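Trainee: Have a look at this one.
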Amino acid sequence: MPMWKIYHPEQTFSAEEKQQIAQKVTAIYSNFLPKFYVNVFFEVLKPESCYIGGEERQDFVRVTIDHIARSIKSAEAQQQFLSACTQILTPYLETHRLAWELHVNETSFELWTINGLKPPLPETEAEKKWRLENKPSAY
């Protein structure tokens with residue numbers, strides 16, 4: 001499961017922009033993961049709740065990405081992924097003149113469930129079924 005958390009100042013993104021970002025994020029993964037694996041959360045940072053270097057900032061966005069379903073092994077693939085993230089986010093963040101930072105965590109596949117079900121291993125028939133149906137099911 002990719003889980004994106006986008007921490008941003010109030011009034012940064014419109015509902016339409018949020019949906020566009022979520023759809024573009026989902027598209028990064030849709031060739032190899034079930035779409036329902038992709039979670040995008042927009043977390044509002046209220047004034048006086050973001051400090052960088054000890055100074056209050058109201059022009060900063062922090063993006064954290066947790067990967068569970070897959071990990072990115074090669075340096076080349078890592079750079080391609082970071083470039084894809086940058087391509088998605090830059091137009092929105094530049095429009096609002098925001099500074100930003102992003103990082104990716106890779107979490108253990110073994111400690112993950114969806115609706116109480118252990119997700120199928122990558123590229124198995126069960127995972128292909130989940131992808132086709134776009135929902136979890138017993139296998």
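The values are calculated or read from the model by the stated rules, or taken from the named source; none is laboratory data. Every value quoted in this text rests on a predicted model; they were computed, and no experiment measured them. Every residue, glycine among them, receives a Cβ derived from its backbone with ideal geometry; neighbour counts consider all protein chains shown.
Trainee: Can you say whether Lys73 is modelled with pLDDT under 95 and either among the aliphatic types (A, V, I, L, M) or over 21 Å from Gln20 (Cβ atoms) (or both), as far as the supplied structure shows?
Mentor: Numbers: modelled with pLDDT under 95: yes; either among the aliphatic types (A, V, I, L, M) or over 21 Å from Gln20 (Cβ atoms) (or both): yes.
Yes: the conditions hold for Lys73.
Trainee: Being out of contact with any helix residue (DSSP H, G or I) (no Cβ under 9 Å at 6 or more places or on another chain) and hydrophobic (A, V, I, L, M, F, W, C) is the filter here; which residues of the stretch 95-137 pass it?
Mentor: Listed by number, the residues that qualify are Phe109, Leu111, Trp112, Leu117, Ala126, Leu132.
Trainee: Quick one: would you say Leu132 is farther than 18 Å from Lys35 by Cβ and outside any loop (DSSP other than H, G, I, E, B)? Walk me through how you get there before you give the answer.
Mentor: On the way: farther than 18 Å from Lys35 by Cβ: no; outside any loop (DSSP other than H, G, I, E, B): yes.
The answer is no for Leu132.
Trainee: Any residue at all in the stretch 34-42 that is in contact with a Ser or Thr (Cβ under 6 Å, 6 or more places away or on another chain) and closer than 28 Å to Pro9 by Cβ? Lay out the reasoning, then the answer.
Mentor: So the first thing to find is which residues in the stretch 34-42 are in contact with a Ser or Thr (Cβ under 6 Å, 6 or more places away or on another chain), and the list is 35, 38.
Filter once more, so that each one left must be closer than 28 Å to Pro9 by Cβ: 38.
The answer is yes; a qualifying residue exists.
Trainee: Now for a separate question. Looking at the stretch 13-28 only, could you name the residues that are closer than 30 Å to Ser137 by Cα and either of a type in the set (Asp, Glu) or in contact with a helix residue (DSSP H, G or I) (Cβ under 7 Å, 6 or more places away or on another chain) (or both)? Let's see the steps before the verdict.
Mentor: Let us first name the residues in the stretch 13-28 that are closer than 30 Å to Ser137 by Cα, namely 18-28.
Answer for the stretch 13-28, where residues must be closer than 30 Å to Ser137 by Cα and either of a type in the set (Asp, Glu) or in contact with a helix residue (DSSP H, G or I) (Cβ under 7 Å, 6 or more places away or on another chain) (or both): Ile21, Lys24, Val25, Thr26, Ile28.
Trainee: Additional query: Considering the stretch 109-126 alone, what residues qualify as being more than 16 Å from Ser71 (Cα to Cα) and either touching a Ser or Thr at 6+ places or on another chain (Cβ under 9 Å) or not small (Gly, Ala, Ser) (or both)? Outline the logic, then answer.
Mentor: Of all residues in the stretch 109-126, those more than 16 Å from Ser71 (Cα to Cα) come to 113-118, 124-126.
Answer for the stretch 109-126, where residues must be more than 16 Å from Ser71 (Cα to Cα) and either touching a Ser or Thr at 6+ places or on another chain (Cβ under 9 Å) or not small (Gly, Ala, Ser) (or both): Thr113, Ile114, Asn115, Leu117, Lys118, Thr124, Glu125, Ala126.
Trainee: Taking into account only those residues within the stretch 121-139 that are over 22 Å from Ala27 (Cβ atoms) and of a type outside the set (Asp, Glu), which is nearest to the chain's Cα centre (by Cα)?
Mentor: First, the residues of the stretch 121-139 that are over 22 Å from Ala27 (Cβ atoms): 121, 124-126, 137-139.
Applying the additional criterion that residues be of a type outside the set (Asp, Glu) yields 121, 124, 126, 137-139.
Numbers: Leu121: 20, Thr124: 23, Ala126: 23, Ser137: 23, Ala138: 26, Tyr139: 27 Å.
The residue in question is Leu121.
Trainee: For the stretch 84-120, how many residues are more than 14 Å from the chain's Cα centre (by Cα), hydroxyl-bearing (Ser, Thr, Tyr) and at pLDDT 95 or above? Step through it out loud before you land on a result.
Mentor: Taking the stretch 84-120 as the starting set, the residues that turn out to be more than 14 Å from the chain's Cα centre (by Cα) are 90-100, 108-120.
Now narrow it down to the ones that are hydroxyl-bearing (Ser, Thr, Tyr): 90, 92, 95, 108, 113.
Adding the requirement that they be at pLDDT 95 or above leaves 90, 92, 113.
Count: 3.
Trainee: Quick check on my filter: what residues within the stretch 21-32 are more than 13 Å from the chain's Cα centre (by Cα) and either free of Cβ contacts under 8 Å to residues at least 12 places away in the same chain or surrounded by 17 or more Cβ atoms within 10 Å (Cβ to Cβ) (or both)? Working first, answer last.
Mentor: So in the stretch 21-32, the residues more than 13 Å from the chain's Cα centre (by Cα) come out as 31-32.
Listed by number, the list holds a single entry, Asn31.
Trainee: Could you please find all residues in the stretch 43-65 being surrounded by 17 or more Cβ atoms within 10 Å (Cβ to Cβ) and either without any contact (Cβ under 8 Å) to a residue 24 or more places away in the chain or closer than 30 Å to Trp130 by Cα (or both)?
Mentor: Of all residues in the stretch 43-65, those surrounded by 17 or more Cβ atoms within 10 Å (Cβ to Cβ) come to 45, 50, 60-63, 65.
Listed by number, the residues that qualify are Val63, Ile65.
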